[in-house]
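The values are calculated or read from the model by the stated rules, or taken from the named source; none is laboratory data. The structure displayed is predicted, hence computed values, not measured ones. Here Cβ is always computed from backbone atoms with ideal geometry, including for glycine, and neighbour counts include all displayed protein chains. To get the accessible areas, we keep the full protein, side chains included, count just its heavy atoms, and leave off ligands, DNA and RNA. Shrake-Rupley method; radii C 1.70, N 1.55, O 1.52, S 1.80 Å.
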Amino acid sequence: MLTLPNPDATLTPYRLQGDPLIPRAPRVPLTRTAFAAAHVISDPLRERSPWDTRPAVDWAATLAFRQNLWDQGLGLAEAMDTAQRGMGVDWLTALELIQRTMTAAKAHPLRPRVACGAGTDHLTLADLATADAILAAYTHQAEAIEAAGGQLILMASRAFTAINADEAIYARVYRHLIDGAQQPVILHWLGEMFDPALAGYWGSTDVNRASDFVLGLIAENPAKVDGIKISLLDQTHEQAFRARLPKGVRLYTGDDFNYAPLIEGDGQHYSHALLGIFAAIAPAAAQALEALALNDSATYNALLAPTVPLSREIFRAPTRFYKAGIAFLSWLNGHQTHFIMPAGFQSSRDIVHYAAVFRLADQARLLQRPDLAEERMAHLLALHGIGRG
């Protein structure tokens with residue numbers, strides 16, 4: 001039994017229920033496209049000056065984590081914000097990650113879908129002061145990703161908001177990128193709760209005006225847009241937005257608070273998934289999507305409903321620190337030998353948060369190796385001066 005801290009600074013005994021879901025491949029084709037956005041696993045023995053230098057990556061563990069997702073029938077969103085792009089992971093590391101991942105994906109028997117984040121983060125904001133510079137930066141990364149065989153996710157870039165770009169600048173850059181891509185692209189609308197520097201994306205702080213603009217952008221050439229990922233944590237907005245999309249263009253929910261009803265749909269429209277939380281809840285997510293494909297709504301909700309409180313805790317404000325919860329669960333489940341993140345990012349959350357994640361993951365049947373999870377949680381608690389009950 002463990003003694004876990006509470007938000008009011010009290011301590012409470014907690015005994016694991018220990019009834020984990022068993023990861024497995026889906027038994028039927030899924031009816032929703034689901035990308036899990038995965039994190040990067042550090043190599044702490046090789047990491048030096050973590051705040052100031054490129055991260056040292058444990059490539060074997062990082063790729064094994066992705067293999068585990070693929071084995072369960074999930075696709076992969078590679079080198080996205082979950083992988084700490086711009087928060088500890090630089091472009092050169094991201095590119096090597098993409099190249100290694102694409103090689104592994106091509107050899108995987110399920111031939112998983114992989115989409116990769118293209119952005120502008122290899123340059124400083126001072127170097128990205130014009131539309132031409134932003135377009136050139138995106139093009140540099142997009143060409144490298146396509147050379148590796150990856151589909152493009154056009155990540156939201158802080159460069160636009162840094163220069164207070166208007167709609168004309170967004171239209172010029174995105175029109176060129178969309179029309180010139182080898183495969184249909186996935187657009188990326190990341191709200192300011194995930195990255196405060198992205199406030200006012202698409203040229204407006206009015207969400208309705210921004211929506212009208214990006215829907216118009218898609219409608220100009222819908223054949224070259226696979227879909228758009230929206231991460232605004234606003235279920236009503238997403239439902240209204242997806243109903244206006246051209247036929248064949250997917251809405252990929254990035255709403256880590258409301259994904260269960262959004263993916264199930266309202267009888268007319270539904271969302272697909274491009275979610276960081278799916279990397280943490282893969283067995284529940286994959287098996288719930290299998291149930292949905294079998295028209296078994298009861299099982300779908302029984303599997304996903306317990307994961308929602310967990311996701312809301314992992315993604316609670318400040319939401320941009322959610323990556324720590326993803327890596328924490330990876331450590332508890334034995335996918336990595338340590339709880340060290342690029343740039344020491346594990347320090348972005350406190351022990352009360354990690355205790356809540358531990359409880360909620362257990363209640364959602366997501367601690368796959370309960371004995372190991374309890375042992376590792378005990379170590380973390382001890383580092384914070386908390387002994388066993």
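What does the C-alpha gyration tensor say about the overall shape of the range 1-95? Classify as rounded when a/c is under 1.5, otherwise prolate if a/b is larger than b/c, or oblate.
oblate
In whole angstrom, the range 73-193 maps to an equivalent ellipsoid with semi-axes of 25, 15, 13, each derived as √(5λ) from the alpha carbon gyration tensor and ordered largest first. The packing ranking of peptides 146-157, 56-67, highest mean first, is 146-157, 56-67, where packing means the average number of other beta carbon atoms within 10 angstrom of each residue. Surface analysis of the range 1-96 yields an accessible area of 44 Å² per residue, using protein heavy atoms and a 1.4 Å probe.
Normalised by 2.2 N^0.38 Å, where N is the number of residues, the alpha-carbon radius of gyration of the range 327-382 equals 1.05. Per-residue 3J(HN,Hα) values for the range 241-246, derived from phi via the Karplus relation 6.51 cos²θ - 1.76 cosθ + 1.60 with θ = phi - 60°, read 5, 5, 5, 9, 5, x Hz in sequence order (x marks Gly and Pro). With the convex hull of the Cα atoms taken as the outline of the range 180-262, the averaged projected area works out to 5.6 nm². The lysine pair tally for the chain, using Cα distances under 26 Å and a gap of 8 or more places or different chains, is 5. Counting protein heavy atoms only, the chain has 53 percent of its accessible area on carbon and sulfur, 1.4 angstrom probe. Averaged over residues, the count of other Cβ atoms within 10 Å places the peptides 8-20, 116-128, 29-41 in the sequence 29-41, 116-128, 8-20, highest first.
Distance from the alpha carbon centroid of the range 50-87 to that of the range 320-370 works out to 15 angstrom.
For the range 209-294, trypsin sites (Lys or Arg not before Pro) are listed when DSSP marks them as loop and at most 14 other Cβ atoms sit within 10 Å of their Cβ; the list is Arg244, Lys247. I need the calculated FRET efficiency for the pair Leu45 and Ile351, taking r as the beta carbon distance and R₀ as 22 Å, to the nearest 0.05. Step by step, r from the Cβ atoms, then E = 0.35.
Ordered from longest to shortest, the equivalent ellipsoid semi-axes for the chain are 33, 24, 20 Å, each the square root of 5 times a Cα gyration tensor eigenvalue.
I'd like the trypsin sites (Lys or Arg not before Pro) in the range 324-389 restricted to DSSP loop residues with at most 14 other Cβ atoms within 10 Å, sorted by number.
Qualifying residues, ordered by number: Arg388.
How large, in Å, is the range 102-173 by the Kirkwood hydrodynamic radius built from its alpha-carbon pairs?
Hydrodynamic radius (Kirkwood, Cα only) of the range 102-173 equals 13.3 Å.
Evaluated on the range 173-214, the Kirkwood hydrodynamic radius is 11.6 Å, with distances taken between all distinct Cα atoms. 3J(HN,Hα) along the range 195-200, derived from phi through the Karplus expression 6.51 cos²θ - 1.76 cosθ + 1.60 where θ = phi - 60°, amounts to 8, x, 6, 9, 4, x Hz, with x in place of Gly and Pro.
For the range 253-329, what is the Kirkwood estimate of the hydrodynamic radius, computed as the reciprocal of the mean inverse distance between distinct Cα atoms, to one decimal in Å? One over the average 1/r among Cα pairs gives 12.7 Å for the range 253-329.
Average accessible surface for the range 246-348: 31 Å² per residue, computed with a 1.4 Å probe over protein heavy atoms with every protein chain in place.
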